[in-house]
Every structure is written in structure tokens, then in C-alpha cells.
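The next block holds one structure in the form of C-alpha cells; read it before the comments.
The values are calculated or read from the model by the stated rules, or taken from the named source; none is laboratory data. Keep in mind the model is a prediction, meaning the values are calculated, not measured. With ideal geometry, Cβ positions are generated from the backbone for all residues, glycine too; neighbour counts draw on all protein chains shown. Quick note on the areas: whole protein, heavy atoms, side chains included, nothing else; ligands and nucleic acids left out. Shrake-Rupley method; radii C 1.70, N 1.55, O 1.52, S 1.80 Å.
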2 protein chains.
Amino acid sequence: MIDFVLLIVIAICIIALGLAAILTRNLLSQDEGTAKMREVADAIRVGAEAFIKRQYSTIAMLAIVTAVVIFAIYYLTGQQAIALATAAAFVVGATCSAVAGVVAMWIAVRTNIRTASAAQTSDGKALDFSFRGGAISGLIITSMSLLGVSLTYIALGADPTHTPFVIIGFAFGASFVALFAQLGGGIYTKAADVGADIVGKVEAGIPEDDVRNPATIADLVGDNVGDCAGRGADLFESTAAENIGAMILGVALFPIFGVNGILFPIVMCSLGLLASMIGILSVKGVDGADPMDAMNRGYYITAIISAFFLAGGVYYLLGATPGWMYFVIAGFVGIALSVAFLRVTLYYTDHHYRPVQDIANSSETGAGTNIIMGFSVGLETTAVPAILIGISLLISYWCGTMTGIPQGGLYGTAVATIGMLMVCAYVLTMDTFGPIADNAGGIVEMSQAPDEVRHRMDKLDAAGNTTKALTKGYAIGSASLAVFLLFNAYMADIAKLTGKAFDVVNLANVNVFVGALIGAMLVFLFASLAIRAVSKTAQYVIEEVRVQFRDPAIMAGTKKPDYARVIDITTQGALKNMVLPGALVILFPIIIGVTMKHEALAGFLMVATITGILLALILNNSGGAWDNAKKYIETGVHGGKKSEAHKAAVIGDTVGDPFKDTAGPSLHVLIKLLATLTLVLAPLFI
Amino acid sequence: MIDFVLLIVIAICIIALGLAAILTRNLLSQDEGTAKMREVADAIRVGAEAFIKRQYSTIAMLAIVTAVVIFAIYYLTGQQAIALATAAAFVVGATCSAVAGVVAMWIAVRTNIRTASAAQTSDGKALDFSFRGGAISGLIITSMSLLGVSLTYIALGADPTHTPFVIIGFAFGASFVALFAQLGGGIYTKAADVGADIVGKVEAGIPEDDVRNPATIADLVGDNVGDCAGRGADLFESTAAENIGAMILGVALFPIFGVNGILFPIVMCSLGLLASMIGILSVKGVDGADPMDAMNRGYYITAIISAFFLAGGVYYLLGATPGWMYFVIAGFVGIALSVAFLRVTLYYTDHHYRPVQDIANSSETGAGTNIIMGFSVGLETTAVPAILIGISLLISYWCGTMTGIPQGGLYGTAVATIGMLMVCAYVLTMDTFGPIADNAGGIVEMSQAPDEVRHRMDKLDAAGNTTKALTKGYAIGSASLAVFLLFNAYMADIAKLTGKAFDVVNLANVNVFVGALIGAMLVFLFASLAIRAVSKTAQYVIEEVRVQFRDPAIMAGTKKPDYARVIDITTQGALKNMVLPGALVILFPIIIGVTMKHEALAGFLMVATITGILLALILNNSGGAWDNAKKYIETGVHGGKKSEAHKAAVIGDTVGDPFKDTAGPSLHVLIKLLATLTLVLAPLFI
């Protein structure tokens, strides 16, 4: 019999999918703009679909091999009973993640043109369209994650103390696809961007998104495949992995809360989805207003409603302990942390504050000082987030302890993580809004629309840049809070497999210390390879663009450049260059785990995670700060556009591109991939 | 009664000091070159001495306060018996470290001019002088460290099971001074360098070391105060801290080896000093030969003799266990690791290999791609060293275990560390040779000596750049191997204080995990502040140089620029800006330790150390690679000097400057400072 609370989850997901369907139908019925706009948008759509098709074919092959390996590992290590179920859960998770990415991209390439068209008359309407396009993705991705976990749970027998350990295959499948989706998309988007900028802006001196530049369409395709599909897959797997991790911790509390403790995470996330729907519907574009105002209001509405739902949910599901109020406080800590992360990210990447202004100032003495300052700012951005994460973990753990139940502390951190995840659908909406607005801006620019239309889109584009930075902050914040529960899920899994308690990861043990050292190193090596992949792929783009620029007809604007060829070259390069870093982060933990066993692997996992969180912050925030320092100078300060300071800032922005859009976001996924991988392959490491 | 082996240590130190005296007398009797050369050299000497005087006055004040705090902590936590002794040991350690720095600098500013003079006739002689100048520093610093530890040990009562725990004050004193010496010197040298380059090379388009640039003398002063005095203090405290850490581990083996196990580290290091003397004397410059050949040969001679001494020493001192051969193998692992680290560093920073060539290639598409590639190379350089450290730790631990004695594994890693440290005096010689050659090159350039003299010095300068990169590799390698024994010394210290075993640092405990997260963050924050300090101080230099350049008489070369004013400004800026990062790394561990207690602090310490090692590798090696990519292009490839690729490479070099000469080397010291600080302040954390 299916538990009643599961029916609530499924019902809310169906409502969310219904809302997404209504929004989609409404959006598709909108005007598609001028013929010139459609021409650009069609090229983007075709390019994005071609990339996604080839990318997911590659990923599918890798996933099939991995599924077979998982089956074999379970079968050969005496876990025959759950071998097929785990491998099947992996395939389902991988498929759902891929579908999530495809949906996000499908919507984005159809919303961009409608947003561009709306911008011809109203900036409020342009915000509405692009935001709703984001909302469709956000709702579908979040409900697919929750439905996927719920239905897999039911399909695997819904045994509260057993199924959570099998369903981890689903989380690993989701992480696996997310890693390659984010990595391949991230390489694609930045190789095209860097390539277009270097030959177009720097060498030929033509503006961004100029029609003569053969790499512009590839650049716009990149926004869709990197930011939309990539981050879609990232947050899909976040929800999946963190829910499943929390469900495993719930098993330990089964004697107290029964099945409620296990289903608590997905029920709360579905309530968060409901809150997000209300938040989304509250956003209404107003002509002439700052788009961020409307979106921020929607965010606060979502957060406040989530807080109420959280309190109610804890009372209803975990009321069996008299100390349930402490769990509510822990959940509030999570919600508060999500707000705090957004504020901190804003401080470090918005030109109203010191860090971006410092970078802009230092551009006056050239690119060298711009880079030094930007890197210094990036390193600095680890401080407040690390302290916030530390405090949140300590408070939520303390709250859990105060409930008086055994293992309550750990469950307290799980409740905090879930609190943070409740606003996920709304954040995903803001996140997908960014690339849609960016794309619409590109379409307006390339279709040579009138200046007023461009100004409307510029404002929206700027808001999109802000939301992209903020949602990366959220993604890394939620990952950081979640990892502690994922470690403990891994330890619970090992304990279940060995039948012995496993609650000490002794860093003073030489094996664990070496594991930790290698784990931290892997994060840096992965970032190196991800950045290098952009550099290599960009090189192909640069060469092709230079060849095309030698044709005087293209430079004169009388002949259309061969956009498709650049798209094709970028696609091939990105797919080729994502394999090495991707394979590395899968093989390394396996090698460490097999040779040095489960405790050393736990040290590896934990220290890799710490390093990964901090490095992701450095890369995301320095990249965002460089980008905005350049934009700040373009507003006219320090000499404005074409000044020496601006040239220096453009170089900083170029450096930041692979940091913030390839390596940084891939690290979010890496962190969770390591956690789910160790969970699933645990039988190998004992 | 003083133990016989201690007499060996003291005797070898006296021999080393005698050799240093002979070399000094011989060197000072050499020709001081042309009047023009002397003019430049005098300005450098005066500037360096002024900086050192002011810097050490600042450090002395900070140290006195710290000594009082240490006394108070011990007195108030029930450790009255050793309060005065620990505080006194701190003062002695701090004083010795300061003297080591001053000596290194004193010799360097007298050797540079004699090297420049020798270069007028012979490059072999110029190598001899500069190398011997380095040797004087190396011998004095190493023997002062060994004498300091030995005599303090005797003065504190020479009680084998008790004194090692009191003598830790000496190590902390050494680290304390080294931190500020390296940080202040590092800020000074790079602020002057960046400032001189940006206004001179980039803005005014005049060559490096041009007499018209008022920041040139400050730049040359910087080589002495940053590289000589800074690294001198760094390796002084390495030897001190690691010897003392190993002595503490020896206490646990007292029942087996008696006092021999405790004095083993300093005896072996003194034998290494003897081996280094032989290596140093074997180096003889040959006109027209590559200077690296002679120095490399000397290094291998030192390493091979050290290996023999190690085997003999182990047999003599630790022969009480039938498995003593395993300790010999562990020691060989340490010596082999020192060679391996030099080779890896060479691969990543020498233009004969792929990494530097990749950076040079990517300079063709501008500064953006140059920086991206350089940073990617920097991140990559963590991989092989981390794996080498991991393997060395595991093998030496395994060797120790195979001896069959309790806690043998840990002592095995200590023996490996000592093996690595044996070549310290020789490495220090190579290290100090670098800035001396650099300075001599600057003197030759500024005194407008004939071209042939410049060519001779260029070759020596290039070798100096290589040795500087290599010795940084050695410094971080030895620090990495040592930290594991320093952690264990901390744990032994805590166990002694509490009377309870302390051998588990459980990363799965939420407090320890948060401590670890904050520890890793602190490393990034410190690097941020160190880099920022260079940027801030360089800004003052840039402004002053611009003001002076506005005087047409200075630009025409008819009026001497005001060198002293730039030196003064840089000194003030460096001293002001070193306080915040320095204070931070002292206060943070105290706050964590006091609030979250000793186990969380151990997590903090260990993960900060892992992160610090890896970040130091990234910063040192990327900086070195950028520097050499620029020099490689200057040999004529990719368009040579004045090409666009060269301009891009100059920007990369500027970015790398504070990485490799300020933040990176300061992190070496930071790692060991954290270890000695936690050791000394242990009574606070229980």
C-alpha cells in the first residue's frame, strides 16, 4: 500500500506539471517577432538541438557501460538481491536527468525568440515571458526529480528500512549525467564565447554579437546548452541526491518516526515546490521597473511560505518527538542560509559594492593588476560562506541534539538541508531566466533591432547576469550543507554492508590522511583539466573564425558567415575534451577506495568536498566579479568603453569565463557525484 | 652530563661556521668592481639594511607581546613549571631566526657586487662567488638552527622525556619570525617589482633595471629582503620545527632507543650539514659551461653522501631494533622525494617542457589565454607532488611498521622527513645563490657595463631563476612530509597534558568537520590578503614613480631619480600590509581551538595543511611557469621581444609575481606556523 504522504508528493508534482503545461501553451501562442529574429533564433535552436543530441548520445554510451559495471559489482560482491534494482535505478536516474536537461533546453530555445519579440513593445512583458520560460523548466525539473524518487521508491518495494539503500542508484545516475551535461555544456559555452571574443572583439575590433562573427550563434547556443541544460541537470541531481541521502539517515530514526522520517525529505520538497509555484505566479513584470525587484519579491514570498510549510510539515511528520520544534529551527537555519548565500554572492559580484569596484579600479594600471585583484577577491569570497556553512551545520546539529533522540544531531543537519532545498524550483526559475534573457538579447542585437529594443533587453540581460551569479551561490550553498548528510549516508551504507558500526574517519591515520590529500588534489586537477578543455576547444574556434574573417565579403557584411561550421567544431571539441576530466573523477575515488578501503575513501570524499566547495566559490565569484567589473566600466567609469581600463577588464572577463561557467559549476556536480558514487559503489570498498 | 652524540652535533656546527668564516673572509677580499657598480650596490645595501632594521623592529614588538602571552597561558593553565622555559625558548627561537635572516641578507648585499665585478672577466668566477655567497648563508643558517635546538635542549635540562615538550617554544619562535619575515619581505619585493614593471616597462616603455626608473633599486633591494632573508628564515624554522617534532615522537620510543631516538633527528641533520659542505666545496665554476651542471652535480654528491651517512647513523643510533634496515629505507624515501620534487618542479617551470611551452603558445592569442593556460598549469602541478607525498608517507610508514616496534610507523615518516632535511644546507645555498645572481645582474645592467658582461650575467641570472623555483619545490616538499609528524607531535602533546590517549581526529564529527572547513578557508583567505597586500603596496610605488617620471630631467637621464623615496614608501607599505594577514593566521587557530577544543583544532590543522601545500604548489609553479614562458618568448620564439605574444606574457609574469614570491612562500611558513602554534598553545585547547 502506498503511504498517504507519498500521494501528497505525487499530487503536488502533478499540479506543478499541469501549471508548467499551461504556462508552456500560453508561451508558445505568443508572437515570434520579425523574420530576422526568427532566422537568428532558428539557427540557435538547430545548433542547440544538434549539440544536445550528440552530447546525450555520448553520455548514454558512458552510462550504459557504467550500469553494467554497477550490476557486475553488486552481483560479484554478494549483493545479488539488489544488483538489478540498483543498476535499474541508475538507468532511471540517468534518464530522468537527461530528460530534465533536454526539457530545460527545449523551453529555453523557444522562449528566447518570444522574449525578444515582446521587448519590441514592453520590457515588463519581456520579463514575464523569460521568467515564465524559466519557471517551466524549474517546475518540470523539480517535479521530475521528486516523482522519479517517489516512483522508484514505490517500484522498488517501498520497504522503509531497505529501499533507501537501493534507490541510491537513482541519485548516482542523476549525478553521472549531470557531470557530463554540465562539463560538456560548460566547455561548449565558454569555448564559443572566448573564441568569439578573442577574434571578434580583440583582434577584429567588432562588437559582441555582431552578425559578421561566425562564432556568435555558437556563443548563443552555448547559453542554452551550458547554463540551461547544465544547471538544470545540476539542480535535478541536487534534489535527488540530497533527498535520498536524507532518506537514508531517516532509516536510523525508523523506530521513532516510522516511515514519516524517511519520506519527510520528499514531502517537504514537494511543499517547497508548492511554495515556489505561488512565488512564481506572484512575479509580474512592470515597464520601467528594475526586473530584480519583481524577482526578489517572488523569492522572499517563496521563502516565507516555505518556512510556514516547513513548520507544519515537521509538526505533522516528526511530531512524535516532544522536541520537534528544534527541527523547525534547524529547517529555518537552512532557509536563512539560502538567503544569506544570495546576499553574500550579490556583495561579491555586484558593482555597487567594494570588491567589483576594487577590480574596476585596478584595471586602470592594466590587465596584470586587474587579474591580481580579481583573483584576490575570488580567494576572499571563501571566508564568509565557509563561516556561514560552519555555523549552520553547528546550529542545526545542535538543534537536532536538543530533540533528545539518538542520531538527532545528524537529522538536524538533514532538516536544514531540506529547508534550503525547498526554494529550489524558484531558484531554478531565476537561473534559467538568465540564459533566456541573454539569448533574447543576442537575437535582438543580431537582428539589428532598433536601439530602444536593445536598451530594454540590456536591462533584462543585466538582471540575468545577476541571477546567474546568485543561483550559482545557492547551488554551492545547498551542496555544502548537503554533503555532511551524504557522508553520513555513505557511512550508514558501509555499516549496513559490513554489519559493523562505522562512525570514525580518523584523519590521524596515515591512510586516511593520504586519501584526504589525494582527494583535495583531485579537485584542483579536475579544475585544471576543465579550464584546459575550454582553452583547447576555443583554439579550434579561433582558428576557424580567423579563416572565415579572411573572406572580405564576410567582413563587409555582404556574405553570411558559416555559423553551422563553428557550431559543429565547438560541439566536437567540447565532447572530446569532456571525457578526460569526467573519467578522472570517476576512476580516482574507485582506485582509492579499492586499494585503501572505506575509511581512507571517506577521508578522500570529505576533504575533496571541502576543497571543492571552496574552489567553486573562488572560481564562480571571481568570474562573476570580473564580468561585472567590465560591465561597470562600460557604464562610463574609469574612462568607459574603449579605454585602457576597459581593455584590461575585458581580459579579466575572458579569464573569468571558464572559471565561472565551466570549472566552477562542474565542481558543484563533482562534489555530489563523489558522494553518490561512493554510496553506490560501497560494496567495492569494504 | 651532555650526551656524546650532542657533542658531534655541536662539533659539526662549529666546523660549518668555521668554513663559513673562511669563505666570508675570502669573498670580502675580492674586488668590488667599478665605481658605478659600487654606487648601485651601496644603494641596494643601504636600502636592504634599512628595511631589515625596521621590519625586525616591528617583528620584535609583536614577538615580545606573544612571549608574554605564552608565559601567561602556561602560567594560568597550571603549567607554571614550564611557563618561563617555554616563553624563553620562544624568545631564543625568534632571535635565532631573526639573526639567520639578517646574516643571509648581510652576505647577499656584499656578494652581489663582487659577483658583478667577477663577471667582467669570467662567468666561472662569477658563479663561484655567488654560489659561495649562498653557501655562507646556507651553512650559517643550518648550523644556527641545529646549535639553537641543541643548546636550548641542554639549557632546559636535557631531560629526554620532558625537554622536547618545552623546546617547542623555540620552534614556534622561529616560525613566528619566519612568517613575518617572509610575508613582509615577499610583499616588499613584489610590490617594488610590479610597480617598477608597470610604470617602467608597460607605461613608459623603458627596459627592466633602467637607471631612470626610481623603483629599480627598491626592486633589487626586494630580492635580498624577500628571497634571501625570507627563505632563510623559512628554512631555518623548517629545520627547527621538524627536528623538534621528530624529537617529540622519539619520546614514545624512549624505552627502546633511549636518548638516541630523541637526538636522532639533530644528529642526522648535522651529518647532512657535513655532506652539504662536501657538496658545496665540489662546485667549481667553468667558463662557458652551464652553471646548472656544476650545481646539480654538487646536489647529487650531497644527496649520495647523505644517504651513506643516513645508513650509518640509523645503524649507530637505532640499531637496537633488529628491523633498523627499514628505517634506512624510510630515510632513503625522504632523500629520493627531495630529488623527485626538484625534477617535477623543473618539468613544470622550465621552458624545455610542455607546460611552459603551452603557456608561451597561448600567449599568441593574448593575455587572456596566457592567464587561463598558466592557471590551468598551476592547478595541474598539484597532481604528481600530491601522489609522491602520499606514496612517500605510505612507504615510510609501512617501513616503520615493519621494524616491529610500537609507534614505529610514525617514526618511519619522521626518518623520511629527516632524510629529506639532510640536504637542507645545500638547498639553501642554491636558493640564496638565485637572488645574489639576480642582484649582480641588476648591478651590471644599471652600471651600464659592456654587453659581454651582461651576457655572462644573464646566463647566471637564468640559472638563479631555475634554482629559486627548484628550492621552493624542495621547501614545500619537505614541509609536506614533515606536517604528518608535526600533527602527531601535537597529539602527543595533548595526550601528555590531559593524561588521556588522543589518537583519533574524527572528520565525521561535526565539530571536526567544521574545523576542517574553516582551516581550508583560512589558507585561501590568507593567500587573498597576501596577494592584496602586494597590490596595495604596489599602488603606492606606482604613484610615486609616475610623479618622478613627470620630471623631464629624470626621463632624459640627466637627473638621478630619488631611489631612497621609493624604498621608503615600499618599506612602509610592506610593513603596514603584513600585519593583517599575519595576525589572522595566528588568531584563527586560537579562536577555533579555544571554542571548539583540541580535536576540532586538529581537523583544522590537518586540512589547512593539505590545502596550504596544494595552494602553495599552484601559486609557486604557475608563477614560475609564467615567468619562464615570458623568458622563453624573449629568446625569439612566437615573435620574440616586443611582439604581441611577449606583451601577453609580460602580463602573465606580473600576475605570477605575487603568487610565486609572496603568497606561495608565505604559505610554506604558514603551514609550519600552524603546527608549532598549536603545539605551543596546546594547554589552551583542552
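Some notes on this structure:
- Placing a label point 7 Å from Cα along the Cα-to-Cβ direction at A:Lys53 gives distances to the equivalent points in the other copies of 7.8 nm, listed shortest first.
- Copy-to-copy label distances for B:Ala501, where each label lies 7 Å from Cα along Cα-to-Cβ, are 1.5 nm in order of increasing length.
- Degrees between helix B:259-282 axis and first principal axis of chain B (Cα, 0 to 90, nearest 10): 30
- Other protein chain Cβ atoms within 10 Å, averaged over every residue that makes up B:647-655: 4
- Inter-chain shielding of A:535-541 (mean C-beta neighbours from other protein chains, 10 Å cut-off): 3
- Taking amide H atoms as placed 1.01 Å from N in the peptide plane, the amide H of B:Ala289 has no partner under 5 Å among residues 5 or more positions away or on other chains.
- Among A:His352, B:His668, B:His351, the order of accessible area from largest down is A:His352, B:His351, B:His668, computed with a 1.4 Å probe on protein heavy atoms.
- Solvent-accessible area of the range A:176-330 (1.4 angstrom probe, protein heavy atoms only): carbon and sulfur portion equals 66 percent.
- Distance between the range A:257-324 and the range B:65-85 - C-alpha centres, whole angstrom: 54
- About the centre of its Cα atoms, the range A:198-304 shows a dipole size close to 500 debye [charges on the beta carbon of Lys, Arg (+1) and Asp, Glu (-1) only; nearest 20 debye].
- For chain B, excluding the exposed loop sites themselves (trypsin sites (Lys or Arg not before Pro), DSSP loop, at most 10 other Cβ atoms within 10 Å), the longest remaining stretch covers B:1-499.
- Residues in the range B:631-641 carry Karplus couplings, in order, of 4, 4, 5, 5, 6, x, 6, 6, x, x, 4 Hz; the curve used is 6.51 cos²θ - 1.76 cosθ + 1.60 with θ = phi - 60°, and Gly or Pro positions show x.
- Charge tally for B:Gly226 (other residues, Cβ to Cβ under 13 Å; Lys, Arg +1; Asp, Glu -1): -4.
- Among the listed pairs B:Lys36/B:Lys125; A:Lys284/A:Lys459; B:Lys53/B:Lys468; B:Lys631/B:Lys660; A:Lys190/B:Lys190; A:Lys660/B:Lys672, those with a Cα-Cα distance over 22 Å are B:Lys53/B:Lys468; A:Lys190/B:Lys190; A:Lys660/B:Lys672.
- For the range A:337-374 and the range A:589-618, distance of Cα centres in Å: 30
- Accessible area per residue for the range A:33-138 is 36 Å², calculated with a 1.4 Å probe on protein heavy atoms, without ligands, DNA or RNA.
- Across the identical copies, the label point of B:Pro406 (7 Å from Cα in the Cβ direction) is separated from its matches by 3.3 nm, in order from shortest.
- In order along the range A:681-686, phi translates into HN-Hα couplings of 8, 3, x, 6, 9, 10 Hz, rounded to whole numbers, per the Karplus curve 6.51 cos²θ - 1.76 cosθ + 1.60 with θ = phi - 60° and x for Gly and Pro.
- Local electrostatic count at B:Val356 - Lys and Arg +1, Asp and Glu -1, tallied over other residues with Cβ under 13 Å: -3
- Take each residue in A:495-507, count the other chain C-beta atoms within 10 Å of its C-beta, and the mean is 3.
- Given a 1.4 Å probe and the protein chains as shown, B:Asp568 ends up with an accessible area of around 60 Å².
- Each helix, a run of at least 4 DSSP H residues, gives -39500 (n - 2.57); summed and divided by the residues of chain B, these come to -29000 deg cm²/dmol at 222 nm.
- Interface burial for B against A (accessible surface, 1.4 Å probe, total of both chains, Å², rounded to 100): 6000
- 0 to 90° range, to nearest 10: angle between helix A:123-155 axis and chain A longest Cα axis: 30
- The range A:146-193 and the range A:130-144 have Cα centres separated by 18 Å.
- Karplus-derived 3J(HN,Hα) values for the range B:559-569, using 6.51 cos²θ - 1.76 cosθ + 1.60 with θ = phi - 60°, are 10, 6, x, 8, 4, 4, 5, 5, 4, 5, 5 Hz; glycine and proline are entered as x.
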